[in-house]
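Let me begin by presenting the structure, written as structure tokens, before commenting on it.
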Amino acid sequence: MKIIETCIPDLLIIEPRVFGDDRGFFYESFNRKKFAELIGRDVDFVQDNHSKSVKGVLRGLHYQIQHPQAKLVRVVQGTVLDIAVDLRKNSLTFGQHVALELSAENKRMFWIPEGFAHGFVVLSETAEFLYKTTDYWFPEFERSIVWNDSVLAIDWKLQMPPSLSGKDIHGKLLTEAELFT
């Protein structure tokens, strides 16, 4: 596995070593020992999630204010633009974000530690998105920042208005959101 650092030091892009030939490919998508060495700490993933969405679906920007979740995310079919926003108010990179394309083709994974909001938009006709989390989902602690907050100035690379859930339509602005210390 290869680590690519981002402009926010805690957010890491992981490129697995892929072995391929005319029969297909193989790669190790997770190895606890190697992963701990790469990120500098051991984590205990407790939940795996799998979603499928159609082009233009935008999910996010989500986080849990209590029981924060770190996430290891990847795409196994299609292409998404994945976004992580630093919500740690004492961080030098507070309010900044990293955007990267994840796809079945590039096989990249994105490590998003606790303290970040996360979201993605589907760029292909459909996409299947997998993510491991370090804590369980607690709907009572889930929060959402509105995707088009002008303070965040995220370029979602949209070709049409996004398809949003009610929760995402009513997300809060960064200036009104509950934050991590």
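For residues that are basic (K, R) and either in contact (Cβ under 8 Å) with a residue 12 or more places away in the chain or in a loop (DSSP other than H, G, I, E, B) (or both), scanning just the stretch 28-71, find the one that is surrounded by the fewest Cβ atoms within 10 Å (Cβ to Cβ). Among them, the one singled out is R41.
Residue-wise test of (1) of a type in the set (A, V, I, L, M, F, W, C); (2) in a helix (DSSP H, G or I); (3) within 30 Å of G24 (Cβ to Cβ).
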| residue | (1), (2), (3) |
| --- | --- |
| E101 | no, no, yes |
| K107 | no, no, yes |
| F110 | yes, no, yes |
| V121 | yes, no, yes |
| F129 | yes, no, yes |
| R143 | no, no, no |
| W156 | yes, no, no |
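Can you work out which of the residues in the stretch 154-174 that are loosely packed, with under 10 Cβ neighbours inside 10 Å and at pLDDT 95 or above is nearest to L81 (Cα to Cα)? For the stretch 154-174, the residue satisfying everything is D155. Quick check on R74: is it closer than 18 Å to F30 by Cα, among the basic types (K, R) and in a strand (DSSP E or B)? Answer is yes for this residue. Screening F25 with (1) within 16 Å of the chain's Cα centre (by Cα); (2) surrounded by fewer than 12 Cβ atoms within 10 Å (Cβ to Cβ); (3) in a strand (DSSP E or B); (4) not aliphatic (A, V, I, L, M) gives one miss only, at (1).
Within the stretch 77-100, the residues that satisfy the criterion of being under 14 Å from E128 (Cα atoms) and in contact with a Phe, Trp or Tyr (Cβ under 8 Å, 6 or more places away or on another chain) are V80, L81, D82. Counting only residues that are buried (at least 19 other Cβ atoms within 10 Å of the Cβ) and over 23 Å from V18 (Cα atoms), the stretch 89-108 holds 2 of them.
Based on what the data block shows, is R17 of a type in the set (D, E, K, R) and either assigned to a loop (DSSP other than H, G, I, E, B) or modelled with pLDDT under 95 (or both)? Working first, answer last.
Details: of a type in the set (D, E, K, R): yes; either assigned to a loop (DSSP other than H, G, I, E, B) or modelled with pLDDT under 95 (or both): yes.
Against the criterion (of a type in the set (D, E, K, R) and either assigned to a loop (DSSP other than H, G, I, E, B) or modelled with pLDDT under 95 (or both)), R17 qualifies.
Taken together, V146, V121 contain a single residue that is under 22 Å from K55 (Cβ atoms), crowded, with 21+ Cβ neighbours inside 10 Å and at pLDDT 95 or above, which is V121.
The values are calculated or read from the model by the stated rules, or taken from the named source; none is laboratory data. If you're wondering where the values come from, they're calculated on a predicted model, not measured in any experiment. All Cβ positions, even for glycine, are placed from backbone atoms using ideal geometry, and neighbour counts span all protein chains on display.
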